[in-house]
Amino acid sequence: MTITYTYGTNLYVNTTNRCDMNCEFCLRSSGDGVGSADSLWLEREPTREEILADIRSRDPGQFRQLVFCGYGEPTYRLDDILWVCRQLKDGGWPIPIRMDTNGHGDLINGRATVPLMAGLIDILSISLNDADAGTYARRCRPLFGEESYQAMLDFTRQAVRVIPTVIMTVVDNMPAGEIERCRAICEGLGATFRVRHYTTEW
Ligand code: SF4
């Protein structure tokens, strides 16, 4: 069972296979693994203690960032992830901690989640994906319906106040005009815009 894996210069943490979306461009539909991981499908979700032990078995000096991102939406494991981050920070963990999320943490957990991340998550990368709620619902098929889009924007608006670096991403498999509309939305929220290249090769 793969909990931590490497890709590029970062160390990644795979905590869950649960997700409230079914994006048409999701990596999960094009293969089982990413980077050093043959498979990111979990036979069961690792406990918080197992996650911490796996991270601590790695040398952080070899990596640029520690990233909570696997084959699922990490805010399903928010309490456990934040517990792990607290142990790492208290132990002097030397590299930035990032979470890649679809921004639905509040919907998934039924409470405000951004304030809980303050001081524990250094970088949030939030999937913006589309410039309007209708397209988002069609391409990402969110469990919570069209309100998911506004929830993601609200999550980002809160995040830029308390998280040092907030990035919003889109995948470059959409028309250039749509990408520019997304850029304007992102910049209006005060986040940093990033266009990711669409690929099924990882
Ligand atoms: S939110 Fe992420 S993990 Fe979930 S379906 Fe979309 S791309 Fe895949």
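Evaluated against (1) of a type in the set (Val, Ile, Thr); (2) in a loop (DSSP other than H, G, I, E, B); (3) modelled with pLDDT of 95 or more, THR156 falls short on exactly one condition, (2). Scanning segment 24-55 for residues that are part of a loop (DSSP other than H, G, I, E, B), touching a Phe, Trp or Tyr at 6+ places or on another chain (Cβ under 7 Å) and within 25 Å of PRO96 (Cβ to Cβ) gives VAL34, GLY35, SER36, ALA37, LEU40. Going by the conditions given, is GLY110 over 20 Å from THR169 (Cβ atoms), free of Cβ contacts under 8 Å to residues at least 60 places away in the same chain and not β-branched (Val, Ile, Thr)? So GLY110 fits the description; yes.
I'm trying to understand the selection: among the residues of segment 3-23, which are in contact (Cβ under 8 Å) with a residue 60 or more places away in the chain, part of a loop (DSSP other than H, G, I, E, B) and more than 9 Å from the ligand (Cβ to nearest atom)? Residues satisfying the conditions are THR15, THR16.
Residues are listed down the side, and each one gets a yes or a no for (1) charged (D, E, K, R); (2) open to solvent by less than 40 Å² (accessible area, probe 1.4 Å):
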{"position": "SER29", "(1), (2)": "no, no"}
{"position": "VAL34", "(1), (2)": "no, yes"}
{"position": "LEU40", "(1), (2)": "no, yes"}
{"position": "ARG48", "(1), (2)": "yes, no"}
{"position": "ILE55", "(1), (2)": "no, yes"}
{"position": "GLY61", "(1), (2)": "no, no"}
{"position": "TYR71", "(1), (2)": "no, yes"}
{"position": "ILE81", "(1), (2)": "no, yes"}
{"position": "CYS85", "(1), (2)": "no, yes"}
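Of the helices (runs of 4 or more DSSP H) contained entirely in segment 62-135, those carrying at least 2 residues that are more than 16 Å from the ligand (Cβ to nearest atom) and modelled with pLDDT of 95 or more fall at 78-90, 114-117.
The values are calculated or read from the model by the stated rules, or taken from the named source; none is laboratory data. This structure is a prediction, so every number in the text was calculated from the model and none was measured. Backbone-built Cβ (ideal geometry, glycine too); neighbour counts: all protein chains shown. Side chains included, ligands, DNA and RNA excluded: accessible areas come from the protein's heavy atoms. Shrake-Rupley method; radii C 1.70, N 1.55, O 1.52, S 1.80 Å.
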